[in-house]
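See structure below.
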Amino acid sequence: MWLLAVSAFGLIVPNGLFIYWLFAEYQGLAAVWSNHLAVAFMLDAFIAVALLAYRYARHPIGPVKWPVFVGLSILGGLVFSLPLYWWLNERRSSL
């Protein structure tokens with residue numbers, strides 16, 4: 001149950017800030033690409049997702065496959081996708 005709570009937090013808090021920024025403060029892609037800290041963070045997150053997806057493809061942690069993890073990561077970030085993917089695999093393997 002704690003995995004679902006962490007996943008919900010990851011979906012609501014960091015993604016809530018992103019959704020707020022998207023609708024209230026977004027000024028176009030040029031502003032995003034000129035922010036070097038944001039670009040570094042995005043690159044770091046994409047590399048982390050790629051490495052974890054490769055790891056889950058080679059060594060699955062359960063019956064739910066790695067593309068689900070990638071989709072969850074795109075939908076809600078790593079704080080959302082990691083605990084939810086872990087929970088989905090634990091739940092499915094105990095059925």
**OP:** Consider G16 carefully, then state whether it is over 12 Å from the mean Cα position of the chain (by Cα) and not in a helix (DSSP H, G or I).
**Re:** no
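Of A38, A53, which residue is of a type outside the set (D, E) and without any contact (Cβ under 8 Å) to a residue 12 or more places away in the chain? Explain how you work it out, then say what you get.
Details: A53 fails: without any contact (Cβ under 8 Å) to a residue 12 or more places away in the chain.
Matching residue, one of A38, A53: A38.
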Original post:
Could you say whether any residue in region 6-16 is free of Cβ contacts under 8 Å to residues at least 40 places away in the same chain, loosely packed, with under 14 Cβ neighbours inside 10 Å and touching a Pro at 6+ places or on another chain (Cβ under 7 Å)?
Top reply: no
Subject >> Residue count, region 44-88 (criterion: under 18 Å from P14 (Cα atoms) and surrounded by fewer than 13 Cβ atoms within 10 Å (Cβ to Cβ)) >> reply: 5
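Read-outs throughout are calculated quantities, based only on the coordinates presented, and are distinct from any laboratory measurement. Computed from a predicted structure; not experimentally measured. We place every Cβ from the backbone using ideal geometry, glycine too, and count neighbours over all the protein chains shown.
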